[in-house]
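What follows is calculated from the coordinates using simple rules that are stated; it is not laboratory data. Remember, it's a predicted structure, so these values are computed and weren't measured experimentally. Cβ coordinates were reconstructed from backbone atoms using ideal geometry, including for glycine residues, and neighbour counts include every protein chain displayed.
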Amino acid sequence: MPAEAIATLRQVNDGLRSTLVRLHPEQSLCSTITPEDFSAVIGEISRARQCLQHLSPGTEAAIAVEKELLEYRNNLEKLKQFLPDLQGRLLAEKVRLETANHKLAAAAAWAKANKKTL
């Protein structure tokens, strides 16, 4: 089981690192973020949780497991640090899109009203 746990934690860490790069504020626009990105984060955390529930302390692979656990914790800390900023940027993008939609609807209504008067 320790070898499987190490492999699973490595995969989880790879997935989280990849998602962190995609979601990181300096490297992505809000418009490129999808719900699947957040599903991926939740899925990786769930996989790690299941893996950690089956680990028994004092295994011979404890050093390798500890290394992967340290990286996992670091990945979670990185998520914790920038998710509030990401949430703010997503909310700002939502407001921008809603404003653009209202302007478009107003322009369409104006065009329709002008068409009737001609």
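Can you spot a residue in segment 48-58 that is touching a helix residue (DSSP H, G or I) at 6+ places or on another chain (Cβ under 9 Å), under 24 Å from Leu23 (Cα atoms) and assigned to a helix (DSSP H, G or I)? The answer is yes, given that some residue of segment 48-58 is touching a helix residue (DSSP H, G or I) at 6+ places or on another chain (Cβ under 9 Å), under 24 Å from Leu23 (Cα atoms) and assigned to a helix (DSSP H, G or I). Exactly one residue out of Lys103, Lys78, Lys94 is in a helix (DSSP H, G or I), among the basic types (Lys, Arg), in contact (Cβ under 8 Å) with a residue 24 or more places away in the chain and surrounded by 10 or more Cβ atoms within 10 Å (Cβ to Cβ): that is Lys78.
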